Amino acid sequence: MQITRKKFLQLAGAGAASLGLLPSSVKALQEKPSLKKVKADQVADIKRIKSTCGLCASHCALFAFVKDGRLVKLEGNPKDQQGGGKLCGKGNAGISLLYDPDRLKYPLKRTNPQKGIGIDPKWKRISWDEAFDTIAKNLLEVKNQFGAKNIIWLGYHQGKDFLRAIGSPNDLCHHTKCNSSRVVGNKVAFGERYLIPDFPQTKYILAFGWDMPGKAKNVMARPFVEGLAAGAKAVIFEPRLSTTASMATEWIPIRPGTDIAVALAMIHYIIRTELYDKEFVQKNVYGFEKLWPAVKTYTPEWASKISDVPAQTITRIAREFATTKPACLPHYKRGVHVMRREGFYLVHAENILSAITGNIEVRGGMIFPRKPRLVRNSPELEPPEMETFLRIDGAEKFPLLNPYPLSGDGVIQCIAEGILEEKPYPVKAAIVYNQGLFAFSNPTRVAKALSKIPFMVNINIYPDEMATLADIVLPEVTYLERKGISPRTLNALYAQVSVMQPVVKPLYEAKELAEIKTEIAKRMNIEKFMPPQGEEGFNQQFKYLDITYTILKRLGILSIKKRFKPKDLTKLSTPSGKIELYSHTLEKHGYPPLPIFKDEWILQPTEEFPFYFTTDRSPLNIHARTQNIPWIHELVPENFVWVNTVKAKELSIKTGDMVCVESVHGKIQLRAMVTEGIRPDTISVPHGYGHWSKFLTRTANHGANDGELMADIPIQKMVEINDPSANAADADILVKVYKV
């Protein structure tokens with residue numbers, strides 16, 4: 001399969017087309033900020049404030065330039081290891097987010113008792129005191145009548161302290177549709193959640209479905225490009241020509257869902273030809289002697305028949321990876337490979353490849369981040385014990401993902417079933433923090449489930465779909481109006497902490513989450529069970545760093561520079577103390593202790609559903625949270641389904657045509673982008689579009705939501721799948737495509 005770069009970029013550029021949309025007519029959301037525009041000649045007396053971007057997990061440190069109280073420019077802070085002095089397109093668009101008139105402006109109360117998709121909540125503006133009193137009253141009634149367990153928090157782990165204070169185990173997060181395979185895979189092998197690739201020092205990069213540069217993750221994209229510029233070879237296995245693959249030395253369009261077969265064959269070949277690092281393995285690795293019997297039958301020839309990758313290509317790349325040192329094998333969030341049933345075992349196999357070639361804890365390989373020593377905040381009084389550890393999503397059934405209450409990520413694809421079936425108990429109240437409805441598979445069913453909850457609070461920046469389902473909506477500040485601290489974890493050769501501080505005063509009546517939680521806790525008389533919030537809490541965390549939040553605001557970044565010294569890999573937080581190829585932890589909990597392959601993982605296209613499905617991310621968007629930001633919407637107003645040139649001709653589809661993509665679970669309509677940069681048997685739909693909230697005046701009815709093609713999964717089915725990471729496997733579907 002071949003494609004010219006010029007042709008591919010021409011086709012990709014077709015995504016700039018836009019559809020017209022009428023603005024919202026809701027008076028409560030029309031108010032605009034009265035802010036003076038800065039003229040070009042007014043450049044003197046601009047104040048520079050140090051802070052941190054909050055649009056994605058990269059959290060790049062930045063400088064904010066403010067004139068007469070108005071933010072006029074953002075730049076990266078060159079002292080930051082993660083951002084390296086750069087901001088991506090999303091980060092620069094933060095100004096446009098701050099001043100977006102669509103933002104929520106003040107607390108709103110629902111006056112329409114009916115809930116559901118497309119139902120107008122008929123909001124009424126209320127005061128913060130009324131909002132806090134209403135929330136506290138309803139939560140206390142639920143707690144006293146049913147128990148704290150009947151209250152859930154949904155969104156980004158920002159409610160753990162509040163849940164602990166009231167005694168609920170239900171902290172729900174989207175990570176089983178994002179990062180759980182990687183996190184659990186790393187923990188069982190290394191005893192740590194994260195390893196980071198040292199791209200600038202590497203000589204070889206091997207990746208399966210990894211496309212962080214394509215997602216514009218600055219923390220990964222910038223070092224990756226630096227590594228290529230320094231001469232590193234990059235080999236990318238992926239069914240589509242992603243941005244990362246387009247920059248790589250070699251793109252291999254692998255059959256979707258077969259990455260695990262190729263990885264196992266590479267392990268087989270490296271061991272059989274004795275290309276593994278014998279000294280490193282003998283000293284630092286547990287279970288190597290059990291590995292060969294497990295991979296003996298996984299030959300390159302076997303993998304070739306499954307993956308469409310020639311056996312000689314598999315052996316050549318395995319040989320190059322094993323003999324070109326140092327080498328990196330990155331895996332990160334939600335690649336097209338890990339969101340399948342093979343996802344966890346692929347991560348395990350990738351970690352084994354890095355370990356047996358001696359590329360762990362060496363410059364240019366995969367290294368542990370050097371994190372600052374921060375103290376966990378403690379409340380004045382220890383909260384009472386929880387009534388139960390049983391959760392609405394069944395997360396207690398996955399002990400490696402959720403080892404104890406409020407410690408893990410939850411199983412988001414199971415919450416609709418839990419709420420609708422009221423198992424193991426009914427949900428009577430929910431607090432949803434900055435979590436969009438489109439993070440879910442089958443969002444229509446999830447909306448039905450959430451609409452069933454008697455009382456729901458939404459803390460949000462935008463009046464999105466989730467907000468329209470709530471009884472009380474609270475406007476949160478943006479990250480440019482908020483206080484916080486951000487330890488470096490994704491690029492951290494030495495310990496470093498960046499400050500987040502307000503660069504302008506909060507607009508409208510928006511408040512910080514810390515203040516919102518504190519005020520509700522006071523009214524519920526549980527504030528003594530809550531750890532200190534805001535600056536007091538930051539200072540408590542800084543106990544061992546000899547610094548205060550006030551000092552950090554002035555510094556911007558605290559760096560504790562030390563010369564890189566490899567960690568002792570015989571003293572890891574694993575049962576053996578070493579890198580575990582054969583995992584004691586997996587074995588203890590009844591999971592296969594070594595990577596496995598199952599024939600049932602490989603989907604077989606049919607005449608009715610002839611295409612494999614993949615999903616990806618726009619480099620200018622984070623989940624479904626940023627599409628309405630004016631600058632971003634202007635550049636990427638909608639998503640397009642990628643269709644191969646040959647197949648498009650057979651289906652009489654041209655770029656820009658409106659098409660339907662349909663699975664057994666649902667269907668969506670969006671425009672086509674015809675390209676040679678994808679396998680003929682595969683289509684790809686960028687995630688995050690298809691908003692229907694009429695209060696999002698730019699993005700409503702633009703593009704389509706890929707989640708409508710996916711199924712939420714019953715809890716018992718997840719248990720039967722026996723995946724320790726509870727991976728949602730939302731790309732494990734076949735689809736058909738046809739013109740509308």
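Every number here is computed from the coordinates shown, using simple stated rules; none is lab data. Small disclaimer: the values here were computed from a predicted structure and weren't measured. Note: ideal-geometry Cβ built from the backbone for every residue, glycine included; neighbour counts use all protein chains shown.
The ranking of Cys660, Cys53, Cys178 by Cβ neighbour count inside 10 Å, starting from the fewest, reads Cys660, Cys178, Cys53. Each Lys or Arg adds one and each Asp or Glu subtracts one; over the other residues with Cβ under 13 Å from the Cβ of Ser451, this totals +3. With neighbours defined as other Cβ atoms within 10 Å of a residue's Cβ, the residues Glu289, Glu634 order from fewest to most as Glu289, Glu634. Each Lys or Arg adds one and each Asp or Glu takes one away; over the other residues whose Cβ falls under 12 Å from the Cβ of Asn170, this sums to +1.
Placing unit charges on the Cβ atoms only, positive for Lys and Arg and negative for Asp and Glu, gives the chain a dipole magnitude near 2020 debye about its Cα centre.
The charge dipole of region 450-493, taken about the Cα centre with unit charges on the Cβ atoms of Lys, Arg (+1) and Asp, Glu (-1), comes to about 260 debye, rounded to the nearest 20. Put the Cα centre of region 115-152 next to the Cα centre of region 224-249 and the gap is 49 Å. Other residues with beta-carbon under 15 Å from the beta-carbon of Ala349 carry, at +1 per Lys or Arg and -1 per Asp or Glu, a net charge of +1. Annotation: extensible slack from Glu380 through Lys305 equals 20.8 nm (criterion: 0.36 nm per residue apart, minus Cα-Cα distance). Give me the tail of P(r) for region 242-364 as a percent: Cα-Cα pairs with distance above 21 Å. Value for region 242-364 (Cα pairs over 21 Å): 37 percent. Inter-label distance, Asn144 to Tyr156: 3.3 nm, where each label sits 7 Å from its Cα along the C-beta direction. Give the angle, between 0 and 90 degrees and rounded to the nearest 10, that separates the Cα long axis of helix 311-323 from the longest principal axis of the Cα atoms of the chain. Approximately 80 degrees, to the nearest 10. The H on the amide N of Gly83, modeled in the peptide plane, is under 5 Å from the matching H of Ala61, each at least 5 residues off or on a different chain. Model label points for Tyr508 and Glu607, set 7 angstrom from Cα along the Cα-to-Cβ axis, are 5.5 nm apart. Label point of Ser127 set 7 angstrom out along Cα-Cβ; within region 455-490, amide nitrogens under 18 Å from it belong to 473-475. From the phi angles alone, apply the Karplus equation (6.51, -1.76, 1.60; θ = phi - 60°) to region 601-613 and give each ³J(HN,Hα) in whole Hz, x where the residue is Gly or Pro. Result, rounded to whole Hz: 5, 8, 6, 10, x, 10, 5, 6, 10, x, 10, 6, 10.
Computed from point charges on the beta carbon alone (+1 for Lys and Arg, -1 for Asp and Glu), the dipole magnitude for region 200-270 about its Cα centre is near 100 Debye.
If the segment from Leu420 to Arg554 were pulled out straight at 0.36 nm per residue, it would be longer than the present Cα-Cα gap by 43.2 nm.
Its residue count N fixes a reference of 2.2 N^0.38 Å for region 127-217, and the Cα radius of gyration divided by that reference is 1.67. Among Met386, Met456, a tally of other beta-carbon atoms within 10 Å of each Cβ gives an order, fewest to most, of Met386, Met456.
Shape index of the chain: Rg/Rh, with Rg the Cα radius of gyration and Rh the Kirkwood radius from the inverse mean 1/r over Cα pairs, equals 0.95.
In region 532-560, which residues have a backbone nitrogen under 11 Å from the label point lying 7 Å from Tyr494's Cα in the Cα-to-Cβ direction? Within reach of a label on Tyr494, which here means backbone N under 11 Å from a point 7 Å along Cα→Cβ, region 532-560 contributes 559-560.
A simple rule links phi to the HN-Hα coupling: the Karplus curve 6.51 cos²θ - 1.76 cosθ + 1.60 with θ = phi - 60°, which for region 648-653 gives 4, 5, 4, 9, 6, 9 Hz, with x for Gly and Pro.
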